[in-house]
Amino acid sequence: MAQSTAQHAARPQALALNGGDPVFKTPVPFMSLALTPEDKAAAMGVLDSGMLRQGPKCAELEKRFSMATGAKHAHTCANGTCALQLAYEPLLQPGDEVLVCAWTYIATASMIVARGCKPVWADCLPDTYQIDVADAEKRITPKTMAIAATHVYGMPVDIDAVEALAKKHNLKIIYDAAQAHLATYKGKGLGEFGDAVTYSFYATKNLGTGEGGMITTNDDDLSFKIQRLRSHGESDTKYLHESIGYNYRMNDITAAIGCSRMDRLGEQTDRRREIAARYNERIADVQGVATPVTTPGAEPVWHLYTLRLEEGAMSCDRDAFCAALKAEGVPTAVHYPLSLTEQPAFKGFVTDHPPVARSIAKGVFSLPIHHDLSDEQVDKIADAVAKVAGAYRA
């Protein structure tokens, strides 16, 4: 009810400001989450089989995902946060320092803390929003043992720069690709790089199963450790536990949905790329609104299409701009309203606030981008951005 009231409050103000009718009489969907008949049939097949735990469908998803990402090994798990924990634990020791960008989702850093390690905050680049490797290098100390680099918004980081830094300082690399299924760098799948790569299959992700995650690696020993850690430290001999571990397994119902959705993931990713290109073309000339910039050599998958209001370009703040878009029938989302150094959870680990990450938190917002959007809807969304920007331009 409160949301409905807010919508009605925002609409007259925006229309009075912009004039005329809203661009969309019925709001366009921000995302597309519905299961297809094929997805439901896949889940029902598992229910009918009685194999509800981790089983053949998990194994199938692991095989298909490793092939799709270029990795030697892939391990399903309960969710993307568990994936990070399973990757960090064998690679890090309590007390280690880990370079991590201040501009990422909290899980990338919170699981560093959960391991007993110290996150060391690097800034992000002002155009791609990916980790600023030059800034990260300035923060290296004798205790720095790894770098955790997120492919934010489905845009690969500058992997060459990350790997050069790691080689120079003998650092482990964990890539967080929660938002970057099927993204590539210089023609290679993201699974070909780093010590480990983690993925999320949360409902809103490009490959969404409700919950779920995956870790990929090309290291045989690390693969064995992750697999054992995922299931109570159990060895190949049942009930023989060689280490402390967790119950972080995926189940076959979730994996069956993942396998079904993988059948369409390539086509849907291509559609996201088409939409992003169309947005770029139509919004590029809107003054005061910065469109996304691609990392050289990267082929993003556009989990999010994120714009940024340039500082001082509008007579309103980001929230008012988004409220006006909402009144035009265009939903938006903010990823993220705070940099991680401004999150209360990390107050004991902050010595400074990387300035770019702190600044862009005030201006970024994401437009709808998903495979079910039509070209007409994309064009009208872009028109709405231009309309609101024209009304609010300073």
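Throughout, read-outs are computed from the coordinates displayed, never taken from laboratory work. All values derive from a computational prediction rather than experimental measurement. In this analysis, Cβ positions are derived from the backbone assuming ideal geometry, glycine residues included, and neighbour counts consider all displayed protein chains.
Cα-Cα over 24 Å: which of 143/205; 63/188; 326/387; 138/172; 172/205? In this structure, 143/205; 172/205 lie more than 24 Å apart at Cα. Largest GNM mean-square fluctuation across 191, 70, 233, computed for the chain with C-alpha springs under 10 Å, falls on 233. Maximal additional length on extending the residue 287-residue 352 stretch stands at 20.2 nm, based on 0.36 nm per residue less the C-alpha distance. Taking segment 348-373 and a reference point 7 angstrom along Cα→Cβ of residue 203, the backbone N atoms nearer than 18 Å belong to 369-372.
Quick check for me: using +1 on Lys/Arg Cβ and -1 on Asp/Glu Cβ, what's the dipole size of segment 37-260 about its Cα centre, in debye to the nearest 20?
On the way: 22 positive and 27 negative charges, 52 e Å.
Approximately 260 debye in magnitude.
What is the extension gain from residue 186 to residue 30, computed as 0.36 nm multiplied by their sequence separation minus the C-alpha to C-alpha distance, in nm to one decimal?
Details: separation 156, 0.36 × 156 = 56.16 nm, distance 3.03 nm.
Result: 53.1 nm gained on full extension.
So which trypsin sites (Lys or Arg not before Pro) in segment 212-255 end up in coil per DSSP with only 12 or fewer other C-beta atoms within 10 Å? Walk me through the intermediate numbers first.
Working: sites: 225, 228, 230, 238, 249; in loops: 238, 249.
Filter output for segment 212-255: 238.
A simple count of charges around residue 311, restricted to other residues whose Cβ falls under 13 Å of its Cβ and scoring Lys, Arg +1 and Asp, Glu -1, yields +2.
Given 4 °C and 1.567 mPa s, compute D for segment 37-260 with the Stokes-Einstein relation, Rh being the Kirkwood radius over Cα pairs; round to the nearest whole µm²/s.
Rounded, D is 73 µm²/s.
Report, to two decimal places, the Cα Rg of segment 64-180 normalised by 2.2 N^0.38 Å (N = number of residues).
Numbers: Rg = 13.5 Å, N = 117, 2.2 N^0.38 = 13.4 Å.
Working it through for segment 64-180, the quotient is 1.00.
Between residue 239 and residue 141, how high is the FRET efficiency from 1/(1 + (r/R0)^6) when r is the Cβ-Cβ distance and R₀ = 35 Å? Nearest 0.05. It comes to 0.20.
Applying a DSSP loop filter and a limit of 14 other Cβ atoms within 10 Å to the trypsin sites (Lys or Arg not before Pro) in segment 30-64 leaves 53. Applying 1/(1 + (r/R0)^6) with R0 = 25 Å to the Cβ-Cβ distance of residue 40 and residue 67 gives a FRET efficiency near 0.50. Taking 174, 147, 106 in turn, the Gaussian network model of the chain (Cα-Cα springs below 10 Å) assigns the largest fluctuation to 106. Exposure here means at most 14 other Cβ atoms within 10 Å; with GluC sites (Glu not before Pro) in a DSSP loop as sites, the longest stretch of the chain lacking them is 1-241.
At most 10 other Cβ atoms within 10 Å and a DSSP loop assignment: could you name the chymotrypsin sites (Phe, Trp or Tyr not before Pro) in segment 219-313 that fit? It would help to have the intermediate numbers written out before the result.
Details: sites: 224, 239, 246, 248, 279, 302, 305; in loops: 239, 246, 248, 302.
Sparse-neighbourhood loop chymotrypsin sites (Phe, Trp or Tyr not before Pro): 239.
Working from label points 7 Å from Cα in the Cα-to-Cβ sense, the residue 267 to residue 113 distance is 4.3 nm.
What shape does the chain have by the C-alpha gyration tensor, where a ≥ b ≥ c are the square roots of the eigenvalues, rounded means a/c under 1.5, and otherwise prolate means a/b greater than b/c and oblate the rest? Oblate, since a/c reaches 1.5 and b/c is not below a/b.
Place a point 7 Å from Cα of residue 221 in the direction of its Cβ. Which residues in segment 91-118 have their backbone N less than 16 Å from it? Answer for segment 91-118: 91-93.
Each Lys and Arg adds +1 at its Cβ and each Asp and Glu adds -1 at its Cβ; summed about the Cα centre, segment 300-394 shows a dipole of about 320 debye.
So, with +1 on the Cβ of K and R and -1 on the Cβ of D and E, and no other charges, what is the size of the charge dipole of the chain about its Cα centre, to the nearest 20 debye?
Details: 40 positive and 47 negative charges, 109 e Å.
It comes to approximately 520 debye.
What does the net charge come to around residue 91 if you take all other residues with beta carbon closer than 12 Å to its beta carbon, with K and R at +1 and D and E at -1?
Values: positive: 115, 172, 225; negative: 89, 96, 195, 219, 221.
Value of the local net charge: -2.
Rounded, prolate or oblate: which fits segment 186-257, taking a ≥ b ≥ c as square roots of the Cα gyration tensor eigenvalues, rounded meaning a/c under 1.5, else prolate when a/b beats b/c? Because a/c hits 1.5 or more and a/b fails to exceed b/c, segment 186-257 counts as oblate.
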